[in-house]
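Student: Below is one structure. I have some questions about it.
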Amino acid sequence: MESPLESTVGLDTDVLFVAFNRPEYTKKSLPALLDSAREGVRVWIWQNGPDPATLEVVRRYRDHPSVHRYHESPENMGLYPALQWVLTEGQGQYVSKVDDDCLLPPDWIARLTDLHARNPEVGVLGCWRFQ
């Protein structure tokens with residue numbers, strides 16, 4: 001019998017990754033995110049600002065097979081334009097945002113979509129890593 005997590009791995013999900021002036025974090029978080037992106041997961045990368053070290057890191061991954069869209073903003077536009085980009089142009093059944101300082105477990109997308117699939121009345125799930 002198929003487990004609930006296995007049944008949701010291919011669900012239609014757009015994931016926004018936002019990077020800004022944190023090359024050391026981005027070197028860890030972006031490859032981890034891309035490694036977790038299975039079939040049906042599209043990663044949208046939004047680079048805020050001109051930091052050369054961060055640009056070098058994100059540019060390494062812009063042609064990764066899981067990267068659906070890539071954008072460089074010459075200045076830090078904040079989160080709103082990046083979120084609006086994905087919410088306006090994305091077509092996923094699910095949408096998520098991951099910051100450059102977040103390391104997620106490999107199965108996080110499957111766990112998130114499984115929770116939504118089992119609880120359709122839930123609209124938005126969020127977490128905060130600070131107590």
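Student: Would you mind getting the accessible area per residue of the chain, heavy atoms of the protein chains only, 1.4 Å probe, in Å²?
Tutor: The answer is 60 Å² per residue.
Student: Express in Å², to the nearest 10, the accessible area of residue 22 obtained by rolling a 1.4 Å probe over the protein heavy atoms while all chains stay in place.
Tutor: Number for this one is 90 Å².
Student: For residue 124 and residue 95 in the same chain, what is the full-extension length gain: residue separation times 0.36 nm, less their Cα-Cα distance, in nm?
Tutor: 9.5 nm
Student: In percent, what relative contact order does region 1-114 have, based on Cα pairs under 8 Å that are 6 or more apart in sequence?
Tutor: Contact order relative to length: 42 percent.
Student: Pairing the Cα long axis of helix 80-89 with the longest principal axis of the chain, what angle in degrees results, from 0 to 90 and rounded to the nearest 10?
Tutor: 50
Student: At a Förster distance of 22 Å, what's the computed FRET efficiency of residue 35 paired with residue 72, Cβ-Cβ distance as r, to 0.05?
Tutor: The calculated FRET efficiency here is 0.45.
Student: Which of these, 117, 82, 19, has the largest mean-square fluctuation under a Gaussian network model of the chain (Cα springs below 10 Å)?
Tutor: 117
Student: Residue 28 label point, 7 Å along Cα→Cβ, cut-off 14 Å on backbone N: hits in region 58-98?
Tutor: Output list for this probe position: empty.
Student: Once the Cα atoms of helix 52-61 and of the chain are each reduced to a long axis, what angle between those two axes, in degrees from 0 to 90 to the nearest 10, is obtained?
Tutor: 40
Student: Quick one: which residues, 5 or more positions from residue 17 or on another chain, have an amide H under 5 Å from its amide H? H modelled 1.01 Å from N in the peptide plane, none for Pro or chain starts.
Tutor: It is 44, 45, 46, 98, by chain and number.
Student: Tell me, what is the 1.4 Å probe accessible area of residue 94, in Å² to the nearest 10?
Tutor: Rounded to the nearest 10, that gives 30 Å².
The values are calculated or read from the model by the stated rules, or taken from the named source; none is laboratory data. None of the values given here were measured: they were computed from a predicted structure. Backbone-built Cβ (ideal geometry, glycine too); neighbour counts: all protein chains shown. SASA here: full protein model, heavy atoms, side chains in, ligands and nucleic acids out. Shrake-Rupley method; radii C 1.70, N 1.55, O 1.52, S 1.80 Å.
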